[in-house]
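Asks: The structure that follows is given in the form of structure tokens.
The values are calculated or read from the model by the stated rules, or taken from the named source; none is laboratory data. The shown structure was predicted, so the numbers you read here are calculated from the model rather than taken from an experiment. Reconstructed Cβ throughout: ideal geometry from the backbone, glycine too, with neighbour counts over all protein chains shown. Note: areas computed on protein heavy atoms with side chains; ligands, DNA, RNA excluded. Shrake-Rupley method; radii C 1.70, N 1.55, O 1.52, S 1.80 Å.
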Amino acid sequence: MSLREKLFPENRPGLSRFWNFSRGGIDNFRSGLRDAVSGVEQTRSRMMEYDQLLVWAVLSLALIGLVMVYSASITLADGPKYANYSSNHFLIRHVISLVIALGVGIWTFKIPTKVWDRYSPIIFGFTVLLLIAVLIPGVGKGVNGAKRWIPLGVMNFQPSELMKFAAVIFAATYTVQRQEYLHSFVKGMLPMGIAVALVGALLMAEPDLGAFVVVALIAFGILFLGGINAKLFGGLIVVGLLSGASMIALSPFRRGRMLAFMDPWQVDNAANKGYQLTHSLMAFGRGEWFGLGLGGSVEKLNYLPEAHTDFIMAVIGEELGFCGVVVMLFLFYWVVRRAFMIGRTALQLDRSFAGLAAKGVAIWIGWQSFINMGVNLGLLPTKGLTLPFVSYGGSGILMNAVAIAMLLRIDYENRILMRGGKL
């Protein structure tokens, strides 16, 4: 009698089944464990077609802006400048701008990225013509001594806002096409320098120094990310600083603003060139940690000029406090961070134009937000730049929506390629 027969007689119920397990059960167990770890049903992880968190961050900024524009502008009708306006005038126009921007943004999302690459020189040239047209008497509209708008009935369009977008796609195309010449001053940097100088001359004629600074930062920032020679870029920074210092030194108005920025609380400055800055700082001081609550701002009661546009961040600081400002900072940080990450992914997928364009949008939104907040907080000299997605202004909101729509399209195409699809 075998050992098996002695230990497990056949007439004992269930022992045959136990012996079968002892022979094959271990193998079955190992196979089951392996399937459990690797997944018996191999399913592809679900990838969203767009960046939801980016969309929610932008929508949050737009909704906060809608509320704060209404809060900051509701009392403007009490002043002599807007005496003929209703208290809801700016709210209604801001809602119209948001609706138009949403519609144009949805339409822009449907445009393939390669189309922007192909037609970027034409768009850039057309925008230059608009910058010239705005200076022609009878075509451009002047406000507060500056001619920056072209009346279109429903809204006044500002070509300088379109130029920011044109600079993004043109600089991205230029950098890709001139990749082999980026170490050469004559063939690499000089053509772009001439284009930026032309745009700068037209913008300074309006005048709009703030838009010129943003356009220059976009163009040369993309060149830097594209791999321009470090020495050339260092020389470019020096030239930029000298040019800025010259514009300030040769303009009594800008020189006065710079002196007021250095000491805004000096008696003469506080009543003149430093008036906006001092009242902006007082608004932040009144807000403290949690703010005075919506509608509680005192500075918006015709003390702080342009409270619904350039200095809306001061109203946010006064009504929502330090916590509200931190939320705004985080939202802008997230938008810029996601734009850079989308650009990096595009570059990893060998999509050079798309990657540089996405990073160009990040430079645009990041620098303009930084300059606006810096001006409101007294970190930078006073300069007229709106806060993206938040401030009142149809042209700015429209072009911000176009930029984000193009960014989402780049991300959408990235995800198609990562799934193994084709464009």
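Asks: Name the residues whose placed amide hydrogens come within less than 5 Å of the amide hydrogen of Phe157, ignoring near sequence neighbours (fewer than 5 apart) on the same chain.
Replies: Answer set, sorted by chain and number: Ile150, Leu152.
Asks: Once you've got the Cα coordinates, tell me which of Lys141/Lys164; Lys231/Lys422; Lys359/Lys422; Lys164/Lys187 are over 29 Å apart. Mind showing how you got there, number by number?
Replies: Working: Lys141/Lys164 20 Å; Lys231/Lys422 39 Å; Lys359/Lys422 23 Å; Lys164/Lys187 23 Å.
Pairs exceeding the cut-off: Lys231/Lys422.
Asks: So for segment 216-375, taking the charge dipole from beta-carbon charges (+1 Lys/Arg, -1 Asp/Glu), which of Leu349, Phe311, Leu301 sits furthest toward the positive end?
Replies: Farthest towards the positive end: Leu349.
Asks: Let me ask you something else. Just how much of Met48 is accessible, in Å², when a 1.4 Å probe is used and the result is rounded to the nearest 10?
Replies: We get 60 Å² for Met48.
Asks: For segment 336-352, what does the Karplus curve 6.51 cos²θ - 1.76 cosθ + 1.60, with θ = phi - 60°, yield as ³J(HN,Hα) per residue in whole Hz, taken in order and with x for Gly and Pro?
Replies: Coupling constants for segment 336-352: 5, 4, 5, 5, 5, 5, 5, x, 5, 4, 4, 5, 5, 8, 6, 10, 5 Hz.
Asks: Given the -39500 (n - 2.57) contribution per DSSP H run of 4+ residues, what per-residue ellipticity at 222 nm results for the chain, rounded to the nearest 500 deg cm²/dmol? Don't skip to the answer; put the middle values down first.
Replies: On the way: 15 runs with 282 residues, N = 423.
Taking each H run of at least 4 residues, the total per residue is -22500 deg cm²/dmol.
Asks: If you don't mind, another one. So between Gln177 and Phe290, what do we pick up on full extension, going 0.36 nm a residue minus the alpha carbon distance? Can you show the working numbers first?
Replies: On the way: separation 113, 0.36 × 113 = 40.68 nm, distance 5.07 nm.
Extra length available between Gln177 and Phe290 comes to 35.6 nm.
Asks: How far is it, in nm, from the label point at Ile132 to the one at Ser251 when both lie 7 Å from their Cα along the line to the Cβ?
Replies: With each label placed 7 Å out from Cα toward Cβ, I get 2.3 nm.
Asks: Can you tell me the alpha carbon radius of gyration of the chain divided by the globular rule-of-thumb value 2.2 N^0.38 Å?
Replies: 1.34
Asks: Any idea of the accessible area per residue across the chain, 1.4 Å probe, to the nearest Å²? Walk me through the numbers on the way to the answer.
Replies: Details: 21660 Å² over 423 residues.
That works out to 51 Å² per residue.
Asks: Something else now. Using heavy-atom solvent-accessible surface (probe 1.4 Å) with all chains present, what is the largest-first order of Phe389, Phe224? Show your work: numbers first, answer last.
Replies: Details: Phe389 15, Phe224 105 Å².
So, going from the largest accessible area down, we get Phe224, Phe389.
Asks: A further question follows. Which whole-number value in Å³ per residue fits the convex hull of the alpha carbons of segment 98-180?
Replies: Details: hull volume 9.2 nm³, N = 83.
Taking the convex hull of the Cα positions in segment 98-180, it is 110 Å³ per residue.
Asks: Still on this model: Taking the Cα centre of segment 170-327 as the origin, how large is its charge dipole in debye, to the nearest 20, when only Lys and Arg (+1) and Asp and Glu (-1) carry charge on their Cβ atoms? List each step's numbers first, then the result.
Replies: On the way: 9 positive and 11 negative charges, 123 e Å.
Dipole about the Cα centre, nearest 20: 600 debye.
Asks: Just to verify a number: what accessible area does Met247 come out at with the full protein assembly present, 1.4 Å probe, Å² rounded to tens?
Replies: Approximately 50 Å² of Met247 is accessible to the 1.4 Å probe.
Asks: Another question about this same structure. Mean separation of Cα pairs under 8 Å and 6+ residues apart, divided by the residue count of segment 314-423: what relative contact order is that in percent?
Replies: On the way: 93 pairs, mean separation 23.8, N = 110.
The normalised contact order for segment 314-423 reaches 22 percent.
Asks: Let me ask something else. In whole percent, how big is the carbon plus sulfur part of the accessible area of segment 101-186, probe 1.4 Å, protein atoms only? Don't skip to the end; give the middle numbers.
Replies: Values: 2980 of 4400 Å².
C and S atoms contribute 68 percent here.
Asks: Which ³J(HN,Hα) values in Hz, rounded to whole numbers, follow from the phi angles of segment 80-88 under the Karplus curve 6.51 cos²θ - 1.76 cosθ + 1.60, where θ = phi - 60° and Gly and Pro get x?
Replies: Result, ordered by residue: x, 5, 10, 5, 8, 9, 7, 5, 9 Hz.
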